[in-house]
Each structure stands twice: as structure tokens, then as C-alpha cells.
Amino acid sequence: MELHGSTSAAGCRFAVVVSRFNEEITEGLLQGAREALAGSGVRDEDVILFRVPGAFEIPVTALRAARTGHFDAVICIGCLIKGDTMHFEYIASAACNGISEAAVATGIPMALGVLTTLTEEQAVERAAAGSGNKGREAALAAVEMATLFRHLQAGIDE
């Protein structure tokens, strides 16, 4: 027996936690995620958007959203661009580790759509419309995991 998720998530509910910091980038990522969810059969009313100040606030918001029991998966969207100080490393580590810890603590899949780039140009490229959009990729991962977990919840022997 082999279980896997599908590309159709009709009836699944998603939380999308998106950072306002580097908003010109995160809005492109969000657009990619919205398009991927719609393409997977997810209705607009089954997606709740949570806007947070920055990437540091994503994990705690994702954790709180997951704990409500209303969502099949959480999509985390943000953008960190390396600067001249260590701040980038601290925030990137906290955001990525926090998202992972929130997923493990709740058992709710969380897709990592937080860019950590060296330049603004790299971020713009990854947030552009099309198949390379990392928000799109995060949403598709969330769809696959949400549907896989629904199979698990229904029972392996059924």
C-alpha cells in the first residue's frame, strides 16, 4: 500500500500567514499561493489570511491558527534579504525553526514559503508570476500534505 496526497484539495481549509515586511515581494508570493490553491479546487472562503509584521511573527501565528482545528494546513509566507548585519541569520533561523516546531507540535502541515535570499533581485525572481513562484510551490506542498493527512485521518485500512 502507498499513500500520497493529491493535487485536488476541494473541501480543505488553509491558513495563510504572510509577512508585511518586504511587502512588494510577499504580495507576489501570496498571489502565487492564491493561484495554486484556486487551481487545486480550493474555494476563496476556505482560505483565511493572517497578516503579520515580519517573518519573526510567522511561527507563533501559524501555531495559533493550527491549534484552532479549523485548518488542514498552514502556508507561511515571508521574505528575508541579507543585509550587512547578523540580523538576517537570527530571524531566518527563528522563522524556519519556529515553523517546523509549530508543525510538529500541532500535527498540522506547514508549508515554508519564507524566502531567505542574498539579494533583492533573487527575491523578485522567486516572487514573479509563473511556475517558479515560491509561494505557488509552498501552496502546492500544503495541498499535497493536507490531502495526505486527510487520507491518514480516514484510516489506512479503509
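Only the coordinates and a few stated rules stand behind these numbers; no lab work does. Every value quoted in this text rests on a predicted model; they were computed, and no experiment measured them. Here the Cβ is made from the backbone with ideal geometry for all residues, glycine too, and neighbour counts use every protein chain on show.
Points worth noting:
- A Cβ-based charge dipole, computed about the Cα centre of the range 14-149 with Lys and Arg at +1 and Asp and Glu at -1, lands at about 280 debye.
- Degrees separating the helix 23-39 axis from the principal Cα axis of the chain, which is the longest one: 20
- DSSP bridge analysis restricted to the range 14-149 gives an antiparallel fraction near 0%, rounded to the nearest 5.
- Percentage relative contact order, the chain, counting C-alpha pairs under 8 Å, at least six apart: 34
- Correct choice for Cα extents along the principal axes in Å that was computed from the model, options (1) 55, 32, 30; (2) 51, 39, 27; (3) 129, 58, 27: (1)
- Sorted fewest first by neighbouring Cβ atoms within 10 angstrom, I48, I75, I81, I99 come out as I48, I81, I99, I75.
- Largest GNM mean-square fluctuation across D72, D46, D84, computed for the chain with C-alpha springs under 10 Å, falls on D84.
- The angle between the Cα long axis of helix 87-106 and the longest principal axis of the Cα atoms of the chain comes to about 10 degrees, rounded to the nearest 10.
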